[in-house]
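Participant: Provided herewith is a single structure, encoded as structure tokens, for subsequent inquiry.
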Protein chains: 2
Amino acid sequence: MMEKQHIVIIGCGRLGAQLANLFSEQRKDVLIVDAQAQSFRKLSPAYGGLTLEADATDVSTLKEIALREDTQLIVVTNNDNTNIMIAQMAKHLFHVRQVIARLYDPEHACVYEELDIQTICPVLLSVAEVERTLAMNAKSSNIKAL
Amino acid sequence: MMEKQHIVIIGCGRLGAQLANLFSEQRKDVLIVDAQAQSFRKLSPAYGGLTLEADATDVSTLKEIALREDTQLIVVTNNDNTNIMIAQMAKHLFHVRQVIARLYDPEHACVYEELDIQTICPVLLSVAEVERTLAMNAKSSNIKAL
């Protein structure tokens, strides 16, 4: 039997809100948490998931969310240390198997690796994309020059 | 005859510095511009390119940089409007053919498209990466369950 996937997003900044909107469109079971109610304004009017105004660095918030071992937890507040702290609590106190966290500073990557937390690093993704774009441009100017 | 590729990066934040370090390692001709000298501390000690402390929204700075039509201009300050303004001046006053700009707010994408500026949007790249990671995790738990 497949239970419905339970996705929890911590942090309703641009990335958190975009993800929540996307999962809601895909009709997944999604909850987004932010300490500031006005952050939820970034959600689309069609957003059909849940919101919770609470501080996720507080363990009682994590209890309230009812994290399960099979919850997909995505931690994308705008602070690397906050993300590490929440991810760690989820792993160790609630035994959440899959935690993805945003990482601003690529130099923190080793900390996450040790803690077995998957990371999304926008800077590294952007560097790769700039390289890809430059290579594509070079190729298309070579074609024009032929 | 191939002239050496001329790369100019505006904004020495995390992304700008990472790109500058990378292009310097690749022995490309690179110049990075930032209004604050202390931003250059993010460059690696091995960085072999040039730095310029100047306000790139000032047209005299763009003249000083000696932008050429074939300059690869990468505009990655931490402000979308500043990036649009600089990219536009480079296109219209200096006829730079290839301008890549970072875009924080995906809703600004249409403005860039109209101006024929290529964009790197970390939020959209991150959304795609989260989706890829979740799909990969789902696949590997299915394999384990077999």
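Participant: Which of B:45, B:122, B:106 moves the most in a Gaussian network model of chain B with Cα springs under 10 Å?
Facilitator: B:45
Participant: Starting from a label point 7 Å past Cα on the Cβ side, list the distances from residue B:95 to the same position in the other copies, nm, shortest first.
Facilitator: Those label-point separations list as 6.9 nm.
Participant: Let me ask something else about it. Residue by residue through A:129-136, how many Cβ atoms from other chains fall within 10 Å of the Cβ on average?
Facilitator: Rounded to a whole number, the mean comes out at 6.
Participant: Ok, one more. Taking the Cα centre of the protein assembly as shown as origin and charging only Cβ (+1 Lys, Arg; -1 Asp, Glu), how large is the dipole, in debye to the nearest 20? Walk me through the numbers before you get to the answer.
Facilitator: Details: 28 positive and 36 negative charges, 136 e Å.
The calculated dipole for the protein assembly as shown is roughly 660 debye.
Participant: Related question: Peptide B:97-107: average number of partner chain Cβ atoms within 10 Å per residue?
Facilitator: That average works out to 2.
Participant: Take each complete run of DSSP H in chain A, measure how far its Cα atoms stretch along the helix's own axis, and keep only those covering 18 Å or more with mean Kyte-Doolittle hydropathy at least -0.5; list them.
Facilitator: A:80-94, A:122-145
Participant: Let me ask something additional. How would you rank B:89-101, B:71-83, highest first, on the average number of other Cβ atoms within 10 Å across their residues?
Facilitator: The packing order, highest mean first, is B:71-83, B:89-101.
Participant: Next question. Arranged by the count of other C-beta atoms within 10 angstrom, fewest first, what order do A:47, A:104 take?
Facilitator: A:104, A:47
Here, each number is a calculation from the coordinates, and none is a lab measurement. Just so you know, these numbers come straight off a predicted model, no measurement behind them. All Cβ positions, glycine included, derive from the backbone under ideal geometry; neighbour counts span all protein chains shown.
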